[in-house]
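Just so it is clear, none of the values below were taken in a lab; they were calculated from the coordinates. Note that the structure is a prediction, hence the values are computed from the model and not measured. Please note: Cβ atoms are built from the backbone with ideal geometry, for glycine as well, and neighbour counts cover all protein chains shown.
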Amino acid sequence: MSEHIVHTGILEDSFAIAPNLTQIPADFREVMKKHLGFARLGCVTVAGDQFSFRLLEEFRPLWPRRDDILDAKLAFVLGWVSHRACDRVMKPIWNITEIFGRGSDADPSLSPTECSVYHEGALYNLYYKDDPTFRLAIFPDQLAALPGAELFDLKLAGAYVQSAFGMNMLNIQTFPVSNGGQALIENVCVQSQKFYVDVTRYAKACGSPEAEKLRNFVTDINWYDADDPLLRLANKLRLGGSSSTAECESALAKPASGYYAQALRLSISYIISAADYVKDPGMTLNTLKERLDIGKKGPNGLSV
């Protein structure tokens, strides 16, 4: 999906800070430390607002008999919860199209906004530019530098992956075929197009961003304020430092400076709400939905 890097950053920072908070019970701390990978997968998966609270309702009676599979599922759902928090803060910025405009893709109506792409690029440079996983995702031409790459024809391998994706799309779709096979193929192509992302735009935002767009989308709107107490703490933990419960709770309690800090605080609050629901049999599902802002419009009346 397009909003991959920012969602991952928010999730990782949340999972670094939240286990130090008294509001997070010991078993949740264990899950967050053990299953960050599953949570990362959840935080870049769509439609979590439709399923996360339902799965938490399902998990609650099972939790006293928890096992590794349930732990991993919970981590995935916490990733979904963090994704929702990120969307609540970020999507209203991305969708100010009368100010920011949209970039050009195969179909501009399906494209991420330039604002979204530049947020991805900004966080890539702040957090991930030295991470080989992200570098190869953003700059696929660098795949040739991987050990063993000489054993493959990279263009042929890319074509194979594309065709395999297409075949799997055909296998899993259940479109009605009353109008014949051609209609089925056209429907599959439409669905596939919705997942199209022009990686070149991301590479440019990361490697050679335009100064004016960087000012408009990141700097001038105070998108990421490195002086925010919670972000200073998150960066210290990213660099291998440690923190006390008092330091984490103090940083979390301070007002957010910048959009990223707002999203991080909201993500942590959603994770605390999920923990409260699973651990407190007296908390109703409606209370959980209220605390996760399920069914509420976001700023400017957006559905987020």
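Using the Karplus relation 6.51 cos²θ - 1.76 cosθ + 1.60 with θ = phi - 60°, the per-residue 3J(HN,Hα) values for segment 242-248 come to 10, 8, 8, 4, 4, 5, 5 Hz, with x marking Gly and Pro. Taking a ≥ b ≥ c as the square roots of the Cα gyration tensor eigenvalues, with a/c under 1.5 meaning rounded and otherwise prolate when a/b beats b/c, else oblate, which class fits segment 197-304? It comes out oblate by the Cα gyration axes.
With 24 Å as the limit, the listed pairs Lys155/Lys213; Lys204/Lys254; Lys91/Lys204 have Lys155/Lys213; Lys204/Lys254 beyond it between alpha carbons.
Sorting Tyr270, Tyr127, Tyr118, Tyr160 from the fewest to the most surrounding beta carbons within 10 angstrom yields Tyr160, Tyr127, Tyr270, Tyr118. With a Förster radius of 41 Å, plug the Cβ-Cβ distance of Thr284 and Val197 into 1/(1 + (r/R0)^6) and report the FRET value to the nearest 0.05. E between Thr284 and Val197, to the nearest 0.05, is 0.55.
Listed by chain and number, the lysines placed with their C-alpha closer than 22 angstrom to that of Lys34 are Lys73, Lys236, Lys279; residues fewer than eight positions away on the same chain are left out.
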